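Trainee: Got a structure here, written out as C-alpha cells. Questions coming.
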Amino acid sequence: MNWLTTGERGLSSEFIVDYLYGFPVLEGHWRRTPHHPFDPSDLRRCLLLLADSPETATEFPRMRAASPVWARLVDAWPALAAQLTEEVGDLRGPANWSAPLTYAAMKRVLDEPERERNLQAGEAG
C-alpha cells in the first residue's frame, strides 16, 4: 500500500488502515481509540486514502463495525465527500481552503445521539 509511505496521514486515516488490515500503524493507547474524522481536513485525508487505495475503498463499509460514530459516518460518507468536493474542488490542491458547509454536515452526523437525547428529554419533561 503506497499510502503508508507517501500518503497524507492523520489519526482517522491511519485508524482506517489499522482497523481494516490490522497493520500496526497506530501504537499504544492510540490503537484503542476508534479515531474518526472530526473536521473537513480529517475527512479529506480519509478520502485521499480511499482514492489512493481502491482495495481500502472496497473494504471501507466494514468501518461501520468500528464504533457507532463510524457507523454514522460511513452511512453519510457519500454526501460528506460530495459536499467537501463541491466546496474545495481538487482535494489534492493547495490546503488554503475552508469548508464550513462540510463542517456543519459533519457536526450533524457526529452530534446525532446528543440531539436525540435532547429531543427525548424535552418530550419527557
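Values in this text are rule-based calculations from the coordinates and carry no lab data. Here the structure is a predicted model, which means the values were calculated and not measured. All Cβ positions, even for glycine, are placed from backbone atoms using ideal geometry, and neighbour counts span all protein chains on display.
Trainee: State which residue is nearest to the chain's Cα centre (by Cα) when the search covers only segment 39-70 and only residues that are assigned to a helix (DSSP H, G or I) and acidic (Asp, Glu).
Mentor: Filtering first and then ranking leaves Asp42.
Trainee: Restricting attention to segment 51-67, report how many residues are surrounded by 13 or more Cβ atoms within 10 Å (Cβ to Cβ) and touching a residue at least 12 places away in the same chain (Cβ under 8 Å).
Mentor: So the answer is 10.
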